[in-house]
Each structure stands twice: as C-alpha cells, then as structure tokens.
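The values are calculated or read from the model by the stated rules, or taken from the named source; none is laboratory data. All values reported here derive from a predicted model rather than from experimental measurement. We place every Cβ from the backbone using ideal geometry, glycine too, and count neighbours over all the protein chains shown. The area values use the complete protein model at the heavy-atom level, side chains included, leaving out ligands, DNA and RNA. Shrake-Rupley method; radii C 1.70, N 1.55, O 1.52, S 1.80 Å.
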Amino acid sequence: MALLQLSEPGQSTAPHQHRLAVGIDLGTTNSLVATVRSGEAATLPDSQGHHSVPSVVRYSKDRICVGHAAAEHSITDPKNTIVSVKRFMGRGVDDLQVLGKKLPYDFVATDSAVPRIHTAHGDVSATEVSSEILKYMKARAVSALGDELMGAVITVPAYFDDAQRQATKDAARLADINVLRLLNEPTAAAVAYGLDSGQEGVIAIYDLGGGTFDISILRLNKGVFEVLATGGDSALGGDDFDHKIAEWILQQAGVDAATTELDASTVRLLMQQARAAKEALSSVEQVEINVSNTSLNWQGSLSRAQMNDLLDALIKQTILACRRTLRDADVVIENIQQVVMVGGSTRVLRVREKVAEFFACEPLVSIDPDKVVAVGAALQADVLAGNKPGEEMLLLDIIPLSLGLETMGGLVEKIIHRNTPIPVAKAQDFTTYKDGQTAMAIHVVQGERDLVTDCRSLARFDLCGFPPHVAGAARIRVTFQIDADGLLMVSAREQNSGVEASVDVRPSYGLSDNEIETMLRDSMAHAEDDMQTRSLREQQVEGERVLAALDAALTADGKTLLSADERATIDVARAELINMNSKDDADAIKAAIKQVEASCEAFVARRMNSSIKQAMRGHSIDEYATHHEE
C-alpha cells in the first residue's frame, strides 16, 4: 500500500524543498538581484562577474538590450537609450515638463496621462522600460539558481506614492514576476543590518541613490522593524551631483549652459566624465578630466576640495530633510544609536563627513552600500516564500501623507493619518446632508491641510441606489484599506440597505518633485490659518444645514402653525443668518444660528406636538400603556 503524503495548507509536500525567491533592488542608476543560499544572502553576478546592472535599456529597430550592452550606446544613441527611467515611473506628462528640457528623448503626446517615449523600436512607457530591466534581472536569477522563481520582493523608495508603486507592480507583471511584496528601500537596509548584526534601538537609514534620497527613522526591537517617520526628496541623488560637476566643467570651458544648446551626445559625454571624476575623488585628492568631441574640447583637473564646494548645497538639502524627519518621528539626535548608509552616492566622502557631523556618530558602512538593499530584500523574500516558517520578522512601513475624504464645505476628514504603519484598514461612518438623498459622491484626497483645494485628489466614485431617508438617517461606512505594498482601496457601504461601491486608487500620474515635502511644510506653516478656516467652514456648513431644515419646516407648516408676528421674527433671524453665512466670521455665524434657534422654539414645539397627535390618531393612551407594561 502506498503512503498518503500529507502537508499543511499552503506548504510544500516536500518539506525540505527550498522555494526559489529573490530580492530585486530596482535602482535609478543600477539594479541588483540577490537571494539566500545556505542561509546567506548575496547578490548574483553575471558571467563577467558584474553584480550591478546599469538600469539602462536601448531600443534599436530589431532588438532590445539591457545593462552594460545598452549603456555603451548612451552617448552615441541617446534618443533610443533610456537611462534613469525610475524618475519617470508613475509620473504624468505635466510632471515631466521641467525635466523634459534636460532630457534627450522625444516624448509622444497620447490620450493617456502616461507619457510615452519615441524609440526606433516603437513608443514605450516608463513601465515598459522598467519591465525590460526586471526581465533581465529575472533571467540572471533563473540562470544562477537553475530553476523558475516562485516570487520576488522588489524595493521602491519610501517616498514612492501610490501611482509610482502601482507602476512598479505593473512592470513586474509585464516581466512575468510574482511580486511577493514591494518593500521600502530603507526598510530593506534595516532588514539586512538588523538580522546580520543583531542591532536594536532607534536607527537612521540615510539612502542616497542615483536619483532619489530617502531618510527613514526606524525602531528595531526583537525582529520588529517599525518605520517611525520617513522624509527625503524623490528627485535628488547622484545624478544631480554629476550635473553640478558637468556645469562646472562647462564654466571652465567658457560655455554658458543657459544659452548654449548642446547636442545629446555631448551632454551624455559630459555626464559620463563628471561621474567618473566624482567616483575617482573618493580615493584620490585630484583627478584629471578630458572632455573632447566635435562640440566641446576641455582638459583640466578637479580637486576633492573643489568638488566638496560644488556638492555642499545639495548635501545640505539631505541634512535638512534629516532634521525634519527626526522632528516627525519625535526623536532627538541623541537617541539615534546608529546611522546606516545606503546607495552608491554615499561613497562620496563629503556625504559621509556631513552625515557623521550631523548625527554625531560614524555611519555604518560594513555592508556594501550598493548591495545592502538587495540583500535585505532577499532576506525578506526568503521569509515570504516560506523557507523560514519559524521566522518572526515583522515589517511595519508607514504612509508618508494622510488619506481622507472631502466633506461638506470642501473640508478634509482624515481617515488614516500620516506615519500610520501599514498594512492598515480603517473605517468611518458618514450620513446624508439632504432629505431624500439616494446617492453620495466619494472624493478621496491625500495631504495634511484642512481644505480639499490644498490637498491632492486621488480618486472619485459614487455610491448610488440606496433608499431615500430624511437627512442624517442613512449610515454610510467608508473603509480605507492599504496593503503591505502601500496600495489603497476605498469602499463605501450604506449600512441599512447593503448597497456598496469601491475603487482601487490607481492615479495615472505621480507626485511632482518635492510635493510631499512641500505639503508637510505648508501644513506646519499654515496650521493656525487652517484651524481658523476649518472652524469658519464648519460653521458655514452648519448654517446652511439650519437654513435648509428651517425652509423645509416653513414650507410644510409655516402657514398653519405660525402667526404673522412669529413668522416675521423668524424671517428676520433667517435673513441675518443668510447674511452672516456669506461673511468670514465664524463667531458671528454661530451667534446667528443661535438667534434662529431661539426665534423658532415655539414653532419647533408646536410641530413636535402636531407630529405626536398625527402618530396617535386612531389609537388610545391605554394601548401605549399596555405595550409599555409588556
């Protein structure tokens, strides 16, 4: 008799079979893939021994190439060679207008909000370009591991918004990769250091990559990684360092960058020379630079001290972001036990020097800053794949900006507040504003200000078809659910009838550069003004509600229950409320509302008595007494 093989739900029937999963650091400048083998996480090299892959894709008429082979054409074929595509992920045409002046690509106008780049191979979106990089990383992993993958953890900047995260997941789907989770890059670094070194306490993750800067304050305790606050700049990185050095080279060559139109090949050559100089100055005091082509000829030298002067303003921006994020986390510098350096741009010695000076401690660089994110993602992938069923690792990422709904008067009711750990689900009940209402418009917004006009609109949908009730009788429960990848789903349900509607919040464009930082700064700068504006709007909404209820009552019973003098008194109070409700004085509106209520006291009492008599018509007091006794 054959043995019947049993397994737990979701577990392999071969208990010792290792599920193949990887971590992918999809970077702006370079990408890496890592996996856990024999209990150790390590990045996977190609046949030439290269661990990192340039995040570059070249489109020719008959083929697509990725990585080093593509990067070789960045100068000779700039229009068809896409670099730093991560900066375009989840962004709309309007978001790229400023960047577009500096880019060699031909952007194609489409009906969609998603921009497309014209290449010799056809028009492509940023999502499609990223999918080619992910296909390349997957092929490397399959080749190294000898079998198909069951899934991958892909890292994203902590400041990526919903649209940018969704675009990343879409790119993975195009690459036929099962996404186990999107993981914030700073959190991935914390996983690597926390598990490898057993660190506990409050730490800072300073992540300066090729195109983005993130600063995260995390609390590590017994395997729990909790992000207390995040900050940064989604458009600041090593590429900007290169631009500064390239501008300096042009100045030395006597070229006015503002008025001189350089061809795409010269721009790429400049950037290449600038990057090479920057990297060399991490190990030498001075470097020789030679820029020579048909458009520009210059030879000279750049010292480390000169480069420091060029980069200090950009580095200062990162330090200011660190200061703001510490304030958000309610943490003082003295509480920071260690600082983890992540990203290739942290190899710049001036960066390490300024970070050490600000945090008053030497930053950690024991794990290769280029590889630490991929290593952390691989460790997390190993756990999510089920290879460590007893592993107790909990990652608590957060949302960077509050999420809420528009309410009457253009006010924002926050449902999930910023810095709330995710995944999370929260619900709040709302009601109707008018009698007989059978539908409600749901407007989802993101931001810290009290007015909808000062926040970012994410999505709109309608809840229709619930039974009509008097104002305030319907109960509409709105639920916000954010999954572990930071993606939002909003649903609304009328509790009495069960009618419901929902929307996956997938905007077709991303936040503009520094928008999150601007939102946070504005919310602090305008806190007092917002409080006064909110109070005014609330009183105006209450005034409109009182007027609507009064007008309905006067229409129904004004002629039968009021004398001429009483009606005149109410009309005077009503006119005063209408007048005050159009002014910017919350206290005056509140006083006018009280005056209306005082003028209507007798009217309200008579209406109530009339309603009771109507309800009791055909019944006796004894019937009610009998029911009460029972």
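Figures for the structure shown
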item	result
Leu32 being modelled with pLDDT of 85 or more and either out of contact with any helix residue (DSSP H, G or I) (no Cβ under 7 Å at 6 or more places or on another chain) or over 21 Å from Asp161 (Cα atoms) (or both)	yes
Scope region 107-144; condition among the aromatic types (Phe, Trp, Tyr) and either in contact with a His (Cβ under 7 Å, 6 or more places away or on another chain) or modelled with pLDDT under 90 (or both); matching residues	Phe107
Subset of region 533-579 that is under 17 Å from Ala592 (Cβ atoms) and of a type in the set (S, T, N, Q) - its residue that is nearest to the chain's Cα centre (by Cα)	Ser535
Residues (at pLDDT 90 or above and either assigned to a helix (DSSP H, G or I) or open to solvent by 10 Å² or more (accessible area, probe 1.4 Å) (or both)) located in region 151-170	Thr168
Selection count where residues are free of Cβ contacts under 8 Å to residues at least 12 places away in the same chain and touching a helix residue (DSSP H, G or I) at 6+ places or on another chain (Cβ under 7 Å), scope region 35-68	0
So Asp309, is it over 20 Å from Thr212 (Cβ atoms) and without any contact (Cβ under 8 Å) to a residue 24 or more places away in the chain	yes
Tally, over region 464-490, of residues that are surrounded by fewer than 18 Cβ atoms within 10 Å (Cβ to Cβ) and touching an Asp or Glu at 6+ places or on another chain (Cβ under 7 Å)	5
Some residue of region 244-255 being assigned to a helix (DSSP H, G or I), aliphatic (A, V, I, L, M) and open to solvent by 20 Å² or more (accessible area, probe 1.4 Å)	no
Only one of Asp504, Asp585 that is modelled with pLDDT of 80 or more, under 40 Å from the mean Cα position of the chain (by Cα), surrounded by fewer than 16 Cβ atoms within 10 Å (Cβ to Cβ) and not basic (Lys, Arg)	Asp585
Any hit, region 549-557, residues being modelled with pLDDT of 80 or more, over 30 Å from Ala235 (Cα atoms), surrounded by fewer than 14 Cβ atoms within 10 Å (Cβ to Cβ) and among the β-branched types (Val, Ile, Thr)	yes
In region 128-143, the residues that are open to solvent by 10 Å² or more (accessible area, probe 1.4 Å), touching an Asp or Glu at 6+ places or on another chain (Cβ under 9 Å) and within 13 Å of Ile24 (Cβ to Cβ)	Lys135, Lys138, Arg140, Val142
Wholly within region 367-477, strands (runs of 3 or more DSSP E) carrying at least 1 residues that are out of contact with any Ser or Thr (no Cβ under 8 Å at 6 or more places or on another chain), modelled with pLDDT under 80 and of a type outside the set (D, E, K, R)	394-398, 456-469
Of all residues in region 258-292 being under 20 Å from Ile82 (Cα atoms) and of a type in the set (Lys, Arg), the one that is surrounded by the most Cβ atoms within 10 Å (Cβ to Cβ)	Arg268
Residue list for region 421-445, filter: open to solvent by 20 Å² or more (accessible area, probe 1.4 Å) and either under 20 Å from Gly486 (Cβ atoms) or of a type in the set (Phe, Trp, Tyr) (or both)	Pro421, Pro423, Val424, Ala425, Lys426, Ala427, Phe430, Tyr433
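To keep it simple, each residue is scored yes or no on (1) touching a residue at least 24 places away in the same chain (Cβ under 8 Å); (2) assigned to a helix (DSSP H, G or I); (3) among the β-branched types (Val, Ile, Thr).
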{"position": "Leu314", "(1), (2), (3)": "yes, yes, no"}
{"position": "Leu320", "(1), (2), (3)": "no, yes, no"}
{"position": "Val331", "(1), (2), (3)": "yes, no, yes"}
{"position": "Val339", "(1), (2), (3)": "yes, no, yes"}
